[in-house]
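Down below is the structure, laid out as structure tokens.
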Amino acid sequence: VQLQASGGGLVQAGGSLRLSCASSTSFSNTNLMGWFRQTPGKERERVAIFAGSSIVYSDSVRGRFTIDRELSENELYLQMKNLKSEDTGVYYCYGSFWGTDTFGQGTQVTVSS
């Protein structure tokens, strides 16, 4: 399984970005899919995830980020609004396929203050 994330870039604080993730296999093959990030000096953390039909957001992004998916297109999205400097990091698309955790290559998000 290959996950290809895109949409990162440089944005000013308060701005928005939309990340996309394309999967080489159908997201219908998993109940767990979402986004993680690794910010400077920190461990990789879960940002937002679909667990079945439920959605779980980290406290740090709740109310600002929205995860969405288009299963027919094997696409996963992360709409990020009101970005803050602490959101700077590498964002990874994630899926658990047949019991194996899979991460994409990551896309860099840089928020300038």
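Of all residues in the range 93-108, those that are touching a residue at least 60 places away in the same chain (Cβ under 8 Å) and under 12 Å from residue 19 (Cβ atoms) have Cβ atoms under 6 Å from Cβ atoms of residues that are β-branched (Val, Ile, Thr) and open to solvent by 10 Å² or more (accessible area, probe 1.4 Å), 6 or more apart or on another chain, in 106/90; 108/90.
The single condition among (1) touching a strand residue (DSSP E or B) at 6+ places or on another chain (Cβ under 7 Å); (2) surrounded by fewer than 20 Cβ atoms within 10 Å (Cβ to Cβ) that residue 33 does not meet is (2). A single entry from 18, 64 fulfils the requirement of being surrounded by 15 or more Cβ atoms within 10 Å (Cβ to Cβ) and among the charged types (D, E, K, R): 64. Just so you know, in the range 71-113 the residues that are touching a Ser or Thr at 6+ places or on another chain (Cβ under 9 Å) and aromatic (Phe, Trp, Tyr) include one that is farthest from residue 26 (Cα to Cα), and it is 91. Of all residues in the range 52-70 being modelled with pLDDT under 95 and small (Gly, Ala, Ser), which is nearest to residue 30 (Cα to Cα)? In this case the residue turns out to be 52. Candidates 24, 20: the one that is farther than 21 Å from residue 82 by Cβ and of a type in the set (Gly, Ala, Ser) is 24. Checked against the criteria, residue 113 does not count as small (Gly, Ala, Ser) and open to solvent by less than 40 Å² (accessible area, probe 1.4 Å). For the range 26-55, the set of residues classified as over 15 Å from residue 109 (Cα atoms), aromatic (Phe, Trp, Tyr) and under 12 Å from the mean Cα position of the chain (by Cα) consists of 50 only.
Look at the range 6-29: where a residue is farther than 17 Å from residue 94 by Cβ and a partner is open to solvent by 30 Å² or more (accessible area, probe 1.4 Å) and assigned to a helix (DSSP H, G or I), sitting 6+ places away or on another chain with Cβ atoms under 7 Å, you get 13/85. Meeting the requirement of 2 or more residues that are β-branched (Val, Ile, Thr), the strands (runs of 3 or more DSSP E) wholly within the range 1-80 are 45-51, 54-57, 65-70.
Would you confirm whether or not the range 94-108 contains a residue that is more than 19 Å from residue 9 (Cα to Cα), modelled with pLDDT of 95 or more and either in a helix (DSSP H, G or I) or open to solvent by less than 10 Å² (accessible area, probe 1.4 Å) (or both)? Within the range 94-108, one or more residues are more than 19 Å from residue 9 (Cα to Cα), modelled with pLDDT of 95 or more and either in a helix (DSSP H, G or I) or open to solvent by less than 10 Å² (accessible area, probe 1.4 Å) (or both).
The values are calculated or read from the model by the stated rules, or taken from the named source; none is laboratory data. Bear in mind the structure is a predicted one, so any value in this text is a computation, not a measurement. Positions of Cβ are generated from backbone atoms using ideal geometry, with glycine treated the same way; all protein chains shown enter the neighbour counts. Accessible surface is based on the protein model in full, side chains and every heavy atom, while ligands, DNA and RNA are left aside. Shrake-Rupley method; radii C 1.70, N 1.55, O 1.52, S 1.80 Å.
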